[in-house]
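Worksheet: one structure, shown below.
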Amino acid sequence: MSHLAIIPLLLPLFTGIFLLLLREQRIYIKRTLSGISSLIQIAFAAYLLCTVSNGNILVYSLSNWPAPFGIVLMADRLAALLILTTSLLSVFALIYAMRGTDREGRQFHILFQLQLFGLNGAFLTADLFNLFVFFEVLLLASYSLMLHGGGRKRIRSGLHFVVINVVGSSLFLFAAGILYGVLGTLNMADLAVKVAHITPDNISLVKTAALLLFTVFALKAALLPLYLWLPSAYSQTSAPAAALFTIMTKVGIYSILRVYTLIFGNEAGPLANLLDDWLLPMALLTIIIGSFGLLGSKRLRQQVAYLVVISAGTLLTSFSLNSEAGIAAGLYYLPHTTFAAAALFLLADLIVKRRDQMEDKLEEGFVITRQRLLGMTFFVLAILVSSLPPLSGFIGKFMVLRAALEHPALPYIMTIILASGLLTIIAMARTGSLFFYEAHAVDKSTNTYVKQGPPEPLRVRELLPIFSLLGLCLLITAWSGPISQYGQDTAKQLLDTPTYIHAVLGKGVQ
């Protein structure tokens, strides 16, 4: 039994508990401890990825209770990739928060570590009940992070976020209860075995539970029509929290990918490939609605939130192809879109502070002069999120389209993805023009231009996390060969259900 699989849980958990013992006034100590813990998490996440990259599946049974009766953690290529992505993202969001966001409310660093605990747990757990538990942990932390610092708009958006996720949690419990009542287990590997041999009398009940689970995961992934909570919630919260939240939709996407390839995949008997008729149309419609939402947005932060929705649709389009090439393409695109959207959320916060009362409104206002570095950064990020060549966004979408070449829905997939890219270019060009080129503030009473005061100078620590996230996107571009190969290996492992079942229910592969 490998203890490496539990370290991504213990580090943020113990860090959060220790921070809870410190007085709120000791912010510098909290920053130091939280930062060191996050850096250590990157080291362990990278080591975990290297350990499983040769095909190993690490299994950890808490208190040595064997599966399917005990709590089991499992780390394979997919889980390791997402944990490393989360660890890298969290460090740079945390560094940005140390500019002062962490002072706007109480217990920011504790909530931040609790969020990481929930995220890592969701990626590592091997049973549905503990997936529900980790969902609740990360959602509890995200509720508090969203409201951190207060404000009427945040509270209103946060209330919508809380209500809809409470409904989702209730549906999750109903689904888990049905599965346990019918099959007598919630361990994913054991469920995969029992669903494959389900009796005809129980098919309708298990199918109902499976569709309830899909509804919950689609809600977390912001899939149409369950995405409406996301643009408001993500655009109103603080920049570091919004940056970290870009990985939260990936939890829902991960859950769909894991559950519906393992439990309801090719070897699930009468319930095999349960989502084949549903997932692709919903994913494509999500891209369409997200693109029009992006074009109609009135604020930059709202635009970035819709970019998160579009990326969720793109990822699920790729995964819905139900092929190794489609899954591999999505896994290449996933870290790119996470880092790019997070960097754009952080950049939007810098822009807000330099446009006076105009904030990030897409209206004629103060041009951001003498800020060439800020403008160039926006330009590069616009290229990334628009998936223009030669950067990683273009490579990722090209891989998605190539994977769809033999799919009967290819004309729809290609048209929608390319049209979405065009609309993104138009939206980003309009935003950049308003912010950095032709914007002016007009006094309507006199119909004259208002002079702008001197811009707030940029500090290195403000730009460091944004440049770091940009650097990660450039590394994804430069290392496209090894990363895409890792994605292909991950896709093969993910579709190899017997190996997963043997690892969890048997001795496991150490």
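The values are calculated or read from the model by the stated rules, or taken from the named source; none is laboratory data. Everything quoted here is computed from the prediction, not taken from an experiment. Reconstructed Cβ throughout: ideal geometry from the backbone, glycine too, with neighbour counts over all protein chains shown.
Considering Leu140, Leu173, the condition of being farther than 16 Å from Ala241 by Cα and in the same structural domain as Asp102 (by TED's automatic domain parsing) is satisfied by Leu173 alone.
Just so you know, in segment 12-27 the residues that are free of Cβ contacts under 8 Å to residues at least 60 places away in the same chain and under 29 Å from the mean Cα position of the chain (by Cα) include one that is farthest from Leu73 (Cα to Cα), and it is Phe18. Scan segment 93-102 and give yes if some residue there is hydroxyl-bearing (Ser, Thr, Tyr), over 17 Å from Asn130 (Cβ atoms) and either crowded, with 24+ Cβ neighbours inside 10 Å or out of contact with any strand residue (DSSP E or B) (no Cβ under 7 Å at 6 or more places or on another chain) (or both), otherwise no. Yes, the conditions are met somewhere in segment 93-102.
One residue is enough: does segment 294-311 have a residue meeting the conditions in contact (Cβ under 8 Å) with a residue 24 or more places away in the chain, basic (Lys, Arg) and touching a helix residue (DSSP H, G or I) at 6+ places or on another chain (Cβ under 7 Å)? Within segment 294-311, one or more residues are in contact (Cβ under 8 Å) with a residue 24 or more places away in the chain, basic (Lys, Arg) and touching a helix residue (DSSP H, G or I) at 6+ places or on another chain (Cβ under 7 Å). The residue list Ala210, Ala189 contains one member that is in contact with a Pro (Cβ under 9 Å, 6 or more places away or on another chain) and either within 18 Å of Trp278 (Cα to Cα) or assigned by TED's automatic domain parsing to the domain that holds Leu78 (or both), which is Ala189. Of the residues Val52, Val72, the single one that is more than 19 Å from Asn187 (Cα to Cα) and either outside the structural domain of Leu334 (by TED's automatic domain parsing) or acidic (Asp, Glu) (or both) is Val52. In segment 208-248, the residue that is nearest to Phe161 (Cα to Cα) out of those that are in a helix (DSSP H, G or I) and among the polar types (S, T, N, Q) is Ser232. Considering (1) closer than 30 Å to Arg31 by Cα; (2) surrounded by fewer than 18 Cβ atoms within 10 Å (Cβ to Cβ); (3) out of contact with any Gly (no Cβ under 9 Å at 6 or more places or on another chain), the lone condition that Gly181 does not fulfil carries the number (1). Being touching a Phe, Trp or Tyr at 6+ places or on another chain (Cβ under 7 Å) and assigned to a loop (DSSP other than H, G, I, E, B) is the filter; apply it to segment 418-450 and report the residue that is modelled with the lowest pLDDT. Among them, the one singled out is Ala439.
One residue stands out in segment 265-292 among those that are part of a helix (DSSP H, G or I) and among the small types (Gly, Ala, Ser): the one that is surrounded by the fewest Cβ atoms within 10 Å (Cβ to Cβ), namely Gly269. In this structure, does Thr101 turn out to be of a type in the set (S, T, N, Q) and either closer than 16 Å to Leu186 by Cα or modelled with pLDDT of 85 or more (or both)? Judged against the criteria, Thr101 is not a match.
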